[in-house]
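Chemist: Handing you a structure now.
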Amino acid sequence: MIFSNKTKKTGDLKMGKQVIVKVPASTANLGPGFDVLGMALNLYNTVVLEEMESDCQIIEVKGEGESLLPRDSSNLAARAVSSLLYSAGYSDHGFKLCLENQIPLASGLGSSAAAIVGGLVAANALAESPFSDQDILQMAVEIEGHPDNVAAALLGGVVVVIKDEESCIYSRLIPREGLGITAVIPDFSISTAEARSVLPEYVPLQDAVYNLGRIALLVTALREGDWDLLRVALHDRLHQPYRCQLVPGLADVFAAALESGAYGAFLSGAGPTVVALTPPDCDAGRAIADVFQSKNITARVLQLEPCLTGSYIL
Ligand code: HSE
């Protein structure tokens, strides 16, 4: 626990104080940016956190994950709350946590990052904000393991983030307006652990170079609105070729997106959601969903926008 040497508070949290946090979904990697690029999206979980008099924990879940998520201390958002309160010196305090989720679970849209970031931001506000965004990012990465989703969910916009030894260093950019973002969410889930288990330990130098150039082009394209660059900048050789085996029809999905007029498409994070970046009025969602349908997989189509604010307190 890297924050345990902070000065412990001895007073109470504000009794009866309630904090409400909105935390966005996120799409990680954006094709070539494996583990270093994330974009926040305008699909939200809401975290309502209230201090309890006793040291008990009450956890309620509505919406996505209502029938699946644990209601005990193993709940990821509750773990994040407990961890931050412990670091702030309030380890003996109870809380009531109500999660109203719009982000589908284990689908590649950052549901676990949202749970962690939502819990941390809410607990920080309840504890009168002892920690900075940078501290919260470090705590979130410690829980999540990789930084791209949590950085986007916390900070908003498009985030380039790296781990430099123990520290996370990031740069945030606001994508130019005019980009269509279509997420197609097939009706099955993949755990990040499973999606990472199929990746090789080493990759060929040419594949690393292939992705390096595309990441640089992608950042430029998003910042400058140079959308034609996306036609090459979204390609990847570091993770998607290995993850194809987990998503039936993925190569056909990418081809259908291009055929429908999209600039390109990629696995959102570890998948199985596919995100297409498109000109306005492009129906890539329908084309992608049709490919999944041909494999007997139903899929939801969401037309989304970047969330520029990141997590915020209501
Ligand atoms: N960058 C991570 C991965 C994101 O691709 O495994 C997981 O959501």
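Chemist: Based on this model, can you work out whether Asp228 counts as in contact with a Phe, Trp or Tyr (Cβ under 8 Å, 6 or more places away or on another chain), more than 16 Å from the ligand (Cβ to nearest atom), charged (D, E, K, R) and farther than 15 Å from Gly31 by Cα?
Modeler: Considered against the rule, which asks whether it is in contact with a Phe, Trp or Tyr (Cβ under 8 Å, 6 or more places away or on another chain), more than 16 Å from the ligand (Cβ to nearest atom), charged (D, E, K, R) and farther than 15 Å from Gly31 by Cα, Asp228 comes out as yes.
Chemist: All but one of (1) surrounded by 23 or more Cβ atoms within 10 Å (Cβ to Cβ); (2) over 18 Å from Ala40 (Cβ atoms) hold for Glu165, so report the exception by its number.
Modeler: Unmet for Glu165, out of (1) surrounded by 23 or more Cβ atoms within 10 Å (Cβ to Cβ); (2) over 18 Å from Ala40 (Cβ atoms): (1).
Chemist: Something else about it: Of the residues Ile190, Ile185, Ile143, Ile169, which is part of a strand (DSSP E or B) and within 16 Å of the ligand (Cβ to nearest atom)?
Modeler: When all the criteria are applied, what remains is Ile185.
Chemist: On to the next question. Look at segment 126-155 and say how many of its residues are touching a strand residue (DSSP E or B) at 6+ places or on another chain (Cβ under 9 Å) and among the polar types (S, T, N, Q).
Modeler: Result for segment 126-155: 3.
Chemist: In segment 264-281, how many residues are open to solvent by less than 20 Å² (accessible area, probe 1.4 Å) and either part of a helix (DSSP H, G or I) or more than 16 Å from the ligand (Cβ to nearest atom) (or both)?
Modeler: Within segment 264-281, residues that are open to solvent by less than 20 Å² (accessible area, probe 1.4 Å) and either part of a helix (DSSP H, G or I) or more than 16 Å from the ligand (Cβ to nearest atom) (or both) number 4.
Chemist: So, one more: Within the group Ala195, Ala140, Ala151, which residue is hydrophobic (A, V, I, L, M, F, W, C), under 20 Å from the mean Cα position of the chain (by Cα), within 30 Å of Lys295 (Cα to Cα) and buried (at least 18 other Cβ atoms within 10 Å of the Cβ)? Steps first, answer last, please.
Modeler: Working: Ala140 fails: within 30 Å of Lys295 (Cα to Cα); Ala151 fails: within 30 Å of Lys295 (Cα to Cα).
So the residue among Ala195, Ala140, Ala151 that is hydrophobic (A, V, I, L, M, F, W, C), under 20 Å from the mean Cα position of the chain (by Cα), within 30 Å of Lys295 (Cα to Cα) and buried (at least 18 other Cβ atoms within 10 Å of the Cβ) is Ala195.
Chemist: Could you figure out which of (1) modelled with pLDDT of 95 or more; (2) out of contact with any strand residue (DSSP E or B) (no Cβ under 7 Å at 6 or more places or on another chain) isn't true of Ile20?
Modeler: All conditions are met except number (2).
Chemist: Of the residues that sit in segment 41-60 and are in contact with a Pro (Cβ under 9 Å, 6 or more places away or on another chain) and under 13 Å from Glu100 (Cα atoms), which one is most open to solvent (accessible area, probe 1.4 Å)?
Modeler: Tyr44
The values are calculated or read from the model by the stated rules, or taken from the named source; none is laboratory data. It should be emphasised that the depicted structure is a prediction, and the values quoted were computed from it without experimental measurement. So basically every Cβ, Gly included, is an ideal-geometry build from the backbone, and we count neighbours across all protein chains shown. Ligands, DNA and RNA are stripped out before the accessible areas are found, and what is left, the full protein with its side chains, is counted by its heavy atoms. Shrake-Rupley method; radii C 1.70, N 1.55, O 1.52, S 1.80 Å.
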